[in-house]
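This structure is in structure tokens; I'll ask about it shortly.
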Amino acid sequence: MGFLAWLEATGLAEWVRSSTAGYPSMIALHALGMAIMVGLSLLLDLRILGWFAGIPLQALQRFFGLAWVGFGVTFLSGSALFSAQATSYIVDWVFMTKMTLVVLGAITAGILQPAVAKAGPGGVSGGTKAIAGIAIVFWVVAIIMGRLTAYL
């Protein structure tokens, strides 16, 4: 716990914890980044599952870069938020479940990105569709667990 205690003592952690701008700005950036990453991921996942069939899968490829920028914003703002209460978050099962699901969601996005690039006129394989369905569950439950972190 030495590293986590050190992290909580940093100027960033103090700013997030104590200033009138720290927490609100980091939580706003976190929400914005999450909306971009998860929103675009859910759109892609639903398209893979057959929704929005009028949109070619390859047309969604241009949004991958933006989705990863959203993930980066979420990661950086989330790291700042974590720094403010690192020692309590690391032992919080709700938070750790959220983090596990975020990692799994990012992995599924990384798997689906090349699958979309290779998709032919017949669409994607059943395995790719299964990954898209699982990804939806990962992202939705991660968001729910993130909200519960503030209350449980």
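Roll a 1.4 Å probe over the protein chains and send me the accessible area per residue for region 1-63 in Å². List each step's numbers first, then the result.
Numbers: 3680 Å² over 63 residues.
Result: 58 Å² of accessible area for each residue.
Roll a 1.4 angstrom probe over the protein heavy atoms and tell me the percent of accessible area of region 1-92 that is carbon or sulfur. Walk me through the intermediate numbers first.
On the way: 3730 of 4990 Å².
In region 1-92, the share of accessible area belonging to carbon and sulfur is 75 percent.
Something else now. What figure, in Å² to the nearest 10, do you get for the accessible area of Ser125 with a 1.4 Å probe and non-protein molecules left out?
Using a 1.4 Å probe on the heavy atoms, I get roughly 70 Å².
Moving to a separate point now. Give me the tail of P(r) for the chain as a percent: Cα-Cα pairs with distance above 29 Å. List each step's numbers first, then the result.
Numbers: 2925 of 11476 pairs.
Across the chain, Cα pairs with separations above 29 Å total 25 percent.
Relative to the present Cα-Cα distance, how much length would full extension add between Tyr151 and Ala130 at 0.36 nm per residue of separation? Let's see the in-between values first.
Numbers: separation 21, 0.36 × 21 = 7.56 nm, distance 3.22 nm.
Going from the current span to full extension adds 4.3 nm.
Could you give the distance between the Cα centres of region 1-48 and region 119-152, to the whole Å?
Spelled out, the Cα-based centre of one part sits 20 Å from the other.
So, taking all protein chains as they sit and a 1.4 Å probe, how much accessible area belongs to Tyr23, in Å² rounded to tens?
110 Å²
Could you rank Leu4, Leu49 by how accessible they are, 1.4 Å probe, largest area first?
Numbers: Leu4 25, Leu49 70 Å².
Largest to smallest exposure gives the sequence Leu49, Leu4.
Now, a different point. Give me the angle, in degrees from 0 to 90, between the Cα long axis of helix 126-149 and the longest principal axis of the Cα atoms of the chain, rounded to the nearest 10.
Approximately 20 degrees, to the nearest ten.
The values are calculated or read from the model by the stated rules, or taken from the named source; none is laboratory data. What you see is a predicted model, and the numbers here were worked out from it, not measured in a lab. SASA here: full protein model, heavy atoms, side chains in, ligands and nucleic acids out. Shrake-Rupley method; radii C 1.70, N 1.55, O 1.52, S 1.80 Å.
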